[in-house]
Amino acid sequence: MEPNSISVRFNPDKRNAILPIDCTQDLLISLMSSMKTGLFVDSLETGIEHKRLHQLLAETPQLKKEAAIIEMLTHLRNEGERTSYSILISYLLTANNGEEAEKILRERFFGIELFIHRTQNLYRFLEYVDKKDTVSIGKEDLKRGILAWDMGELISWARIAWETGYIDEKNAWEYIKYAGEQCRQTFRNWDEIG
């Protein structure tokens, strides 16, 4: 992945020691995920009080135990949202709006509530980034899938799991480095990551 400058305001860790460039790049993959939660984006530390981190975990009902957190990290690493979205993208690209996409999905699939929910989330997200002019997401970006999103989430959750004591630092960096490697293999530059 070629270096590219990122001119987005984010929450830096002012206490952070200088990390190797590959670690910093790996962490920056979680820029959007970190920004939505208010995490530092340039250190393993999240910059959030432990009480708030535990609240974030508690807000996700299936993340009550260490085993569930490890399972979620493994799911994000291996599959994430990519599987269901890869099915949805072709239908999304043929529809003119969210309602039309929902109609097409309901006609094509039985028991499709989860897909419809994800399609609605994707339309809201696309409308939001278009309105805010945050990033440019085209049809080719959608066809490539949402690997960068899953890897950003993997990085953010690995950092939270480390800081709350569910995984050790070595495991956290393994997840982060895995995400970085996946993005370097798939995307040519930061613009493609989004």
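Using heavy atoms of the protein chains and a probe of 1.4 Å, the accessible area assigned to F40 is about 20 Å². Legend: calculated FRET efficiency, T60 to K36, from the Cβ-Cβ distance at R0 = 22 Å, rounded to 0.05, equals 0.95. Extension gain for E192 to L19 (0.36 nm times residue separation, less C-alpha to C-alpha distance): 59.9 nm.
The values are calculated or read from the model by the stated rules, or taken from the named source; none is laboratory data. On a predicted model such as this, the values are computed, not experimentally measured, just so you know. Here Cβ is always computed from backbone atoms with ideal geometry, including for glycine, and neighbour counts include all displayed protein chains. Heads up: the accessible areas ignore ligands, DNA and RNA and are worked out on the full protein's heavy atoms, side chains in. Shrake-Rupley method; radii C 1.70, N 1.55, O 1.52, S 1.80 Å.
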